[in-house]
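Scroll down for the structure; my scribbles are underneath it.
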Amino acid sequence: MTWIDEKARVELEYIRDAKSTGMYPFYRPFERGGIRNSVDGHQVVNYSSNDYLGLTMHPKVIEAAHKAIDTFGCGLSSSRVQATTTMHVELEERLAKFFGFEKALVTTTGYQAMLAVIMAAADKDTTLVLDNLSHACILDGSFLAAGTPGRQAELRFFNHNSAKSLKRVLESRERKNALVLVEGVYSLDGDMGKLPEITEVCEETGAVLCVDDAHGSGTLGKHGRGALEHFGIEGRVPLVVTAFSKVFGGIGGVVFGSEDTVDLVKHNARSFLFSATLPVPVVAAALTILEMLEKDSVALVAELHEKSAYMRKRLLERGFDLGNSNTHIMPVMVRDTTKAILLHHMLWEKGIYLVPIPYPGVKKGEERMRLNVTRGHTYEELDRCVEVLTELATMGGLIGGAPSE
Ligand SMILES: Cc1ncc(COP(=O)(O)O)c(C=O)c1O
């Protein structure tokens, strides 16, 4: 046995235990795309999907991807430097126009886009300032920048969503340039970043603000332009990163900024330069969804908001704890790993797919079910989810009195 097998044996004992008792809840092999799905013929509705506008399986999106395959194939065998197409350029121009930025750069994943921004910007003159509940892509990009020989940016954290804490950190930073990294919507908690206050602090202290709006683009703001539109701060945030893996029907990342900043990322970011280009069928899918937003975003976003408000009201009426959520992402707090996994399996049996988020995905005592409302869910599906959740959660003592042991 090699040391790595030994390491896996020791570190993943809890995973092996879960598998041997049939309780392992992850990596289920779905038999098609979309929120109505099946595994081994067992039908489920997915309530943990990030397909917030329900457009991923839209016939026009699929048709556009098919057409793009005929012309461009599934891949371009190289990075953007030598494998950019007219479709990539069109998508970038239209994204920049829709979201109100000078330039946009399309990358192959959202994770890669964030690494690219951080690594293009950060050097020994930079302090990176992160919310302490940051997504892995912000953490990993920052760790890379802090650990890269010759760069070694300073890395500091502030208390989640606290402009006061951010200000303290910025005022005590060691390097002259500060890059503040926050999110439009925090994906595990479903709470919005407090961007007006954070923007103000950045403006006061000369820090550059970068907002990861992967979960806000296409879902927040009357026109779906995201967290900046929602808060009325468009034009005041220099950098936004987003992802196609939620509203935009595929995978991919986008960096929005000024022409100069986007050019810096385009020419200096190794995660962008040394990784293959986004396949054109996926570009075509994103372009088709962007077209739908250009034509009809107000109605699409309004429908998502109506369904979210409906679900939130019903869940709160039944006594569910939705943590800090104030968006379409509304985690059902279970606060116990075993209960979260048991609840997942019981829901699964009843055709409801809710991903459990156990420790160590979140802190002990903050274990939860990931519940995301999408425009694609019908009101009947939302009702059924509430009914079944209520029945099982009451049985398990999560709501309505003392737990049944
Ligand atoms: C906040 C946030 N940023 C970035 C990403 C990464 O996006 P992608 O899946 O395209 O790599 C995600 C996706 O999980 C996310 O939730």
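The values are calculated or read from the model by the stated rules, or taken from the named source; none is laboratory data. Bear in mind the structure is a predicted one, so any value in this text is a computation, not a measurement. Neighbour counts run over all protein chains shown; Cβ positions are idealised from the backbone, glycine included.
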Does THR126 satisfy being surrounded by 14 or more Cβ atoms within 10 Å (Cβ to Cβ), touching a strand residue (DSSP E or B) at 6+ places or on another chain (Cβ under 8 Å) and under 25 Å from VAL185 (Cβ atoms)? no
Going through region 61-110 in order, the residues found to be assigned by TED's automatic domain parsing to the domain that holds GLY235, surrounded by fewer than 15 Cβ atoms within 10 Å (Cβ to Cβ) and not in a loop (DSSP other than H, G, I, E, B) are THR86, VAL89, GLU90, GLU93, LYS97
Quickly run through region 224-281 and pick out the residues that are out of contact with any Phe, Trp or Tyr (no Cβ under 8 Å at 6 or more places or on another chain), among the charged types (D, E, K, R) and within 17 Å of THR109 (Cβ to Cβ). ARG270
Note: among ILE357, ILE352, just one is in contact (Cβ under 8 Å) with a residue 60 or more places away in the chain and more than 28 Å from HIS58 (Cα to Cα), namely ILE357
Taking the options VAL129, VAL89, VAL106, name whichever one is under 28 Å from THR71 (Cβ atoms) and away from the ligand (no atom under 16 Å from the Cβ). VAL89
Expected single match for touching a residue at least 24 places away in the same chain (Cβ under 8 Å) and within 18 Å of the chain's Cα centre (by Cα) among LEU115, LEU128, LEU91 is LEU115
So if I check each of LEU133, LEU115, which one is touching a Gly at 6+ places or on another chain (Cβ under 9 Å), assigned by TED's automatic domain parsing to the domain that holds ARG236 and at pLDDT 95 or above? LEU115
Could you tell me which numbered condition GLU291 fails, if it satisfies all but one of (1) closer than 30 Å to GLU93 by Cβ; (2) buried (at least 19 other Cβ atoms within 10 Å of the Cβ)? (2)
Unique residue being touching a Leu at 6+ places or on another chain (Cβ under 9 Å) and without any contact (Cβ under 8 Å) to a residue 24 or more places away in the chain when the list is PHE157, PHE143: PHE143
Within the set of pairs 6 or more residues apart or between chains, which connect a residue that is within 25 Å of GLU387 (Cα to Cα) inside region 297-314 to a residue that is surrounded by fewer than 21 Cβ atoms within 10 Å (Cβ to Cβ) with Cβ atoms less than 6 Å apart? MET311/LEU382; ARG314/VAL386
Taking PRO196 as meeting all but one of (1) buried (at least 17 other Cβ atoms within 10 Å of the Cβ); (2) in contact with a Gly (Cβ under 9 Å, 6 or more places away or on another chain); (3) not charged (D, E, K, R), write down the number of the exception. (1)
Scanning region 213-264 for residues that are of a type in the set (Asp, Glu) and more than 11 Å from the ligand (Cβ to nearest atom), which turns out surrounded by the most Cβ atoms within 10 Å (Cβ to Cβ)? GLU229
Could you check, for region 144-164, whether at least one of its residues is part of a helix (DSSP H, G or I), within 16 Å of the ligand (Cβ to nearest atom), under 20 Å from VAL241 (Cα atoms) and in the same structural domain as LEU209 (by TED's automatic domain parsing)? yes
